[in-house]
Amino acid sequence: MPDKKSITIKIRVDAQTHAEMQSRADRYTDGNLSAFVRCATLKYEEQPMADRDNPRMIALIKSAIKLIERTGTNTNQVAKHINEQQKMNPYSLRAADLLPFGQFCEGTDKIRQMLTYLYNIIITGK
């Protein structure tokens, strides 16, 4: 005698997703949506795209986020300084005022390398 099914799981879907699920349930499990969902989830054996417990990937994501935040903050500070300077003297912009933006190129290159590496980890699943 099988165990009594006493646990209810609720999921929220839009009308289009529900119609597609019901259509497939009609086709594969004689319209029994519960049986279809059980079958679809219990027999699913695809490998995940990336290991969620990969400490190297998590550390790299955190480092990339910090570097992005730092670069954004520094960029905003330089832009604010230039804007304040322009309020006092609208024609005082010099090439030297734009020099700090050049310092961020190294940071943005590191960010690009980190994100490329993360992308490759996720795509290959390693």
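The values are calculated or read from the model by the stated rules, or taken from the named source; none is laboratory data. Everything quoted here is computed from the prediction, not taken from an experiment. Backbone-built Cβ (ideal geometry, glycine too); neighbour counts: all protein chains shown. Accessible surface is based on the protein model in full, side chains and every heavy atom, while ligands, DNA and RNA are left aside. Shrake-Rupley method; radii C 1.70, N 1.55, O 1.52, S 1.80 Å.
Run the numbers on the chain and let me know its relative contact order in percent, using alpha-carbon pairs under 8 Å that are six or more apart.
About 29 percent, as a whole number.
Picking from ARG38, ARG56, ARG70, which is most flexible by a Gaussian network model of the chain using Cα springs under 10 Å?
Top of the fluctuation ranking is ARG38.
Any chance you could tell me what percent of the C-alpha pair distances in the chain go past 20 Å?
Tail of P(r) above 20 Å: 69 percent of Cα pairs.
Rounded to the nearest whole Å², what accessible area per residue is found for the chain with the 1.4 Å probe?
Result: 88 Å² of accessible area for each residue.
Return the distance in nm (one decimal) between the two label points of a simple spin-label model at VAL13 and GLN77, each offset 7 Å from Cα along Cα→Cβ.
Distance between label points: 5.1 nm.
Picking from ALA15, ALA64, ALA96, which is most flexible by a Gaussian network model of the chain using Cα springs under 10 Å?
Top of the fluctuation ranking is ALA15.
How much of the accessible area of the range 55-124, in percent, comes from carbon and sulfur atoms when a 1.4 Å probe is used?
That fraction is 62 percent.
Quick one: order GLU20, GLU69 from most to least accessible surface, probe 1.4 Å.
The most accessible residue leads, giving GLU69, GLU20.
Which whole-number percentage describes the relative contact order of the range 55-124, with Cα contacts under 8 Å and a sequence gap of 6 or more?
Contact order relative to length: 51 percent.
Among residues other than GLN85 whose Cβ falls under 13 Å from its Cβ, what is the net charge (Lys/Arg +1, Asp/Glu -1)?
Once all neighbours under 13 Å are counted, the net charge is +1.
Taking a probe of 1.4 angstrom, what is the accessible area of CYS105 in Å², to the nearest 10?
In the full protein context, CYS105 sits at about 80 Å².
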